[in-house]
Amino acid sequence: MFDRFATLTTPHLADACLRAGVAVRCAPTGLRAIAPGVRVAGRVLPAAHAGSVDIFLEAVASAQPGDVLVADNGGRLDEACIGDLAVLDAAAGGVAGIVIWGLHRDSVDILSIGMPLFSLGALPSGPQRLDPRAPDALVAARVGEWTVTQSDAVFGDEDGVLFVPLDRADEVLELAAGIAVTEGRQADEIRVGRSLREQVHFDDFLAARAADPTLTFRDHLRGVGGEIEV
């Protein structure tokens, strides 16, 4: 899955989801990679944090190679729930990346480990609480408005984090690859002097819309093969 995502972006996948009729489930905009160029793709490995790192150790114990740990700390900004030792243990357990609905710490050490990590930011302080553990703490994780499980895949890059149902991931990746090819061709045409307006027959669209005000640009693009909207 990571290899197939390597030449794509989360915008490609988001557009492919729309085309496939799959809900576009993006993490909130504040969830970002620990460093530029960090990318992640894999099956969701959920874990809901309640104040103790043991939940992550338990999740990693059941991980399959290439899983991505999705740590739900409720979007809290008053504590970091994952640090370098948890990241190192996850790497040793075959986890391919970590997505935190919350904060991390030990940024320098995590960067040296090389584990792809996405979070809401960093904070020096770890948890100072220990709440009751949810019965489904290893079954589901919430990220923003979305709840994800092992039946989901997660993708992350410079534009953010996106979740796709695991059983639709191949279809979405295939559609995204086609969108990427078309957009690449359109970009090449712009660079050699053929404007996007020319490529998508924009003058024809304006004339057609004048005759039929209900015509949308999206409808027009479907007829000419443009990919800037789906």
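The values are calculated or read from the model by the stated rules, or taken from the named source; none is laboratory data. Only a predicted model underlies this, so the values are computations on that prediction, with no experimental measurement involved. Note: ideal-geometry Cβ built from the backbone for every residue, glycine included; neighbour counts use all protein chains shown.
Of the residues 129, 185, which is of a type in the set (D, E, K, R), more than 30 Å from residue 64 (Cβ to Cβ) and without any contact (Cβ under 8 Å) to a residue 60 or more places away in the chain? Step through it out loud before you land on a result.
On the way: 129 fails: without any contact (Cβ under 8 Å) to a residue 60 or more places away in the chain.
Only one candidate passes the filter, namely 185.
Kindly provide the set of residues from the range 89-112 that are closer than 26 Å to residue 153 by Cβ and either over 21 Å from the mean Cα position of the chain (by Cα) or modelled with pLDDT under 95 (or both), ordered by number.
Within the range 89-112, 89, 92, 93 qualify.
Answer yes if at least one residue in the range 10-21 is assigned by TED's automatic domain parsing to the domain that holds residue 152 and free of Cβ contacts under 8 Å to residues at least 12 places away in the same chain, and no otherwise. Even if it seems obvious, please write down each step before you answer.
To start, the set of residues in the range 10-21 that are assigned by TED's automatic domain parsing to the domain that holds residue 152 comprises 10-21.
From what's left, free of Cβ contacts under 8 Å to residues at least 12 places away in the same chain: 21.
Yes, some residue in the range 10-21 is assigned by TED's automatic domain parsing to the domain that holds residue 152 and free of Cβ contacts under 8 Å to residues at least 12 places away in the same chain.
Which one of 194, 218, 222 is at pLDDT below 95 and part of a loop (DSSP other than H, G, I, E, B)? Before the answer, list the steps.
Numbers: 218 fails: part of a loop (DSSP other than H, G, I, E, B); 222 fails: part of a loop (DSSP other than H, G, I, E, B).
Just one listed residue meets the conditions, 194.
Give just the number: which of (1) in contact (Cβ under 8 Å) with a residue 12 or more places away in the chain; (2) under 17 Å from residue 3 (Cα atoms) does residue 141 not satisfy?
Residue 141 satisfies every listed condition except (2).
Would you say residue 138 is among the hydrophobic types (A, V, I, L, M, F, W, C), part of a loop (DSSP other than H, G, I, E, B), in contact with a Ser or Thr (Cβ under 8 Å, 6 or more places away or on another chain) and at pLDDT 95 or above? Reasoning before the result, please.
Numbers: among the hydrophobic types (A, V, I, L, M, F, W, C): yes; part of a loop (DSSP other than H, G, I, E, B): yes; in contact with a Ser or Thr (Cβ under 8 Å, 6 or more places away or on another chain): yes; at pLDDT 95 or above: yes.
So residue 138 fits the description; yes.
Test each condition in (1) surrounded by 13 or more Cβ atoms within 10 Å (Cβ to Cβ); (2) part of a helix (DSSP H, G or I) for residue 184 and report the one that comes out false.
Here residue 184 clears every test but (1).
How many residues are assigned to a helix (DSSP H, G or I) and either on the phi > 0 side of the Ramachandran plot or surrounded by 13 or more Cβ atoms within 10 Å (Cβ to Cβ) (or both) when one looks only at the range 158-169? Give the steps one after another, and end with the answer.
Residues of the range 158-169 assigned to a helix (DSSP H, G or I): 166-169.
Imposing the further condition that a residue be either on the phi > 0 side of the Ramachandran plot or surrounded by 13 or more Cβ atoms within 10 Å (Cβ to Cβ) (or both) reduces the set to 166, 168-169.
Qualifying residue count, the range 158-169: 3.
Please state which of the following conditions residue 188 fails to meet, knowing it meets all the rest: (1) touching a Phe, Trp or Tyr at 6+ places or on another chain (Cβ under 6 Å); (2) of a type in the set (D, E, K, R); (3) outside the structural domain of residue 12 (by TED's automatic domain parsing).
Just one mismatch for residue 188, condition (1).
Can you pull out the residues in the range 23-53 that are part of a loop (DSSP other than H, G, I, E, B) and within 16 Å of residue 145 (Cβ to Cβ)? Talk me through it step by step, then tell me what you get.
Pass one, the range 23-53, residues part of a loop (DSSP other than H, G, I, E, B): 23-24, 27-31, 34-39, 49-53.
Of everything in the range 23-53, those that are part of a loop (DSSP other than H, G, I, E, B) and within 16 Å of residue 145 (Cβ to Cβ) turn out to be 23, 24, 27, 28, 29, 30, 31.
Being within 17 Å of residue 27 (Cα to Cα) and either crowded, with 16+ Cβ neighbours inside 10 Å or touching a Ser or Thr at 6+ places or on another chain (Cβ under 9 Å) (or both) is the requirement here; does residue 116 meet it? Let's see the steps before the verdict.
Working: within 17 Å of residue 27 (Cα to Cα): yes; either crowded, with 16+ Cβ neighbours inside 10 Å or touching a Ser or Thr at 6+ places or on another chain (Cβ under 9 Å) (or both): yes.
In short, yes.
Yes or no: the range 65-88 includes at least one residue that is of a type in the set (Lys, Arg), surrounded by fewer than 19 Cβ atoms within 10 Å (Cβ to Cβ) and either part of a loop (DSSP other than H, G, I, E, B) or at pLDDT 95 or above (or both). If you could, list the steps in order and put the result at the bottom.
Filtering the range 65-88 down to residues of a type in the set (Lys, Arg) leaves 76.
Filter once more, keeping what is surrounded by fewer than 19 Cβ atoms within 10 Å (Cβ to Cβ): 76.
Still in the running and either part of a loop (DSSP other than H, G, I, E, B) or at pLDDT 95 or above (or both): 76.
Yes: one or more hits.
Does the range 62-71 include one or more residues that are in contact (Cβ under 8 Å) with a residue 24 or more places away in the chain, under 26 Å from residue 173 (Cβ atoms) and of a type in the set (D, E, K, R)?
Start the filter on the range 62-71 by keeping residues that are in contact (Cβ under 8 Å) with a residue 24 or more places away in the chain, which leaves 62-71.
With the extra rule that they be under 26 Å from residue 173 (Cβ atoms), the set shrinks to 62-71.
Narrowing further to those that are of a type in the set (D, E, K, R): 67.
Within the range 62-71 (the criterion being in contact (Cβ under 8 Å) with a residue 24 or more places away in the chain, under 26 Å from residue 173 (Cβ atoms) and of a type in the set (D, E, K, R)), the answer is yes, since at least one residue qualifies.
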